[in-house]
Amino acid sequence: MTQRTLAIIKPDAIGKGVAGQIIARVENAGFKILAAKMIHMSQAEAAGFYAVHRARPFFQSLCDFMTQGPCLPMVLEGENAIQRWRELMGATDPVKAAAGTIRKDFASSIEANAVHGSDSPETAGVEISYFFSSLELCPR
Ligand code: ADP
Ligand code: MG
């Protein structure tokens, strides 16, 4: 089933200058990049995006991290895209991430972990429309 997912290259990865390497992995895995843009989120924008985590002890630190510099949200399309992108990212904690995954190779910590990916079709729909209007999604 062709799906869309919301990916973000997070501020740590942009700051390290590895966005290009991450995009190359996206392309090599066969995803279509339907939309992409560089943004610098405000606290309110980061808090809105991660609202599901607002009761977690790491929430404020996560919002500070996501607003420390620009990030690069992208809409990826492909067969089984939601699960395949999460597999390419690797586990949330880079210590636990499998060899060859993006987080294993580029994440610094469980918080500064290089990339985001939607975790379900429902979440993907909400997250894509958080960053992109329908007019910004290139027709294919
Ligand atoms: P994932 O991004 O793998 O879906 P979660 O949805 O559980 O992970 O968490 C969202 C983000 O919050 C993570 O990607 C990471 O940046 C941060 N995070 C998760 N767990 C922790 C933690 N224990 N301490 C600090 N930051 C965390
Ligand atoms: Mg998540």
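Bear in mind these aren't lab numbers, they're just calculated from the coordinates by the rules spelled out. These numbers come from a predicted model, not from an experiment. Cβ coordinates were reconstructed from backbone atoms using ideal geometry, including for glycine residues, and neighbour counts include every protein chain displayed.
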Fully extended contour minus Cα-Cα distance, from Lys96 to Thr123, at 0.36 nm per residue: 7.3 nm
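What is the sum of charges around Ile82, taking Lys and Arg as +1, Asp and Glu as -1, for the other residues whose C-beta is under 12 Å from the C-beta of Ile82? All intermediate terms of the calculation are to be shown ahead of the outcome.
Numbers: positive: Arg4, Arg84, Arg86; negative: Glu77, Glu79, Glu87, Asp119, Glu122, Glu127.
Combined, the nearby Lys, Arg, Asp and Glu give -3.
Can you give the helix-only mean residue ellipticity at 222 nm for the chain, where every DSSP H stretch with n ≥ 4 adds -39500 (n - 2.57) and the sum goes over all residues, rounded to the nearest 500 deg cm²/dmol?
Numbers: 7 runs with 56 residues, N = 140.
Computed ellipticity for the chain at 222 nm equals -10500 deg cm²/dmol.
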Trypsin sites (Lys or Arg not before Pro) within region 37-85: DSSP coil, no more than 15 neighbouring Cβ in 10 Å: Lys37, Arg54
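Roughly speaking, what is the stretch gain from Glu87 to Ile39, that is 0.36 nm per residue apart minus the C-alpha to C-alpha distance, in nm to one decimal? Could you put the intermediate results ahead of the total?
Working: separation 48, 0.36 × 48 = 17.28 nm, distance 2.50 nm.
That pair, Glu87 and Ile39, stretches by 14.8 nm at full extension.
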Inter-label distance, nm, simple model (7 Å from Cα along the C-beta direction), Lys16/Ser61: 1.8
Pairwise Lys count, the chain - Cα closer than 15 Å, eight or more residues apart or different chains: 4
Total formal charge among the other residues, if their Cβ is under 15 angstrom from that of Tyr50, Lys/Arg +1 and Asp/Glu -1: -2
Net length gained if the chain between Glu27 and Ala51 were fully extended (0.36 nm per residue, minus Cα distance): 5.7 nm
GluC sites (Glu not before Pro) restricted to DSSP loop in region 25-119 with at most 16 other C-beta within 10 Å: Glu111
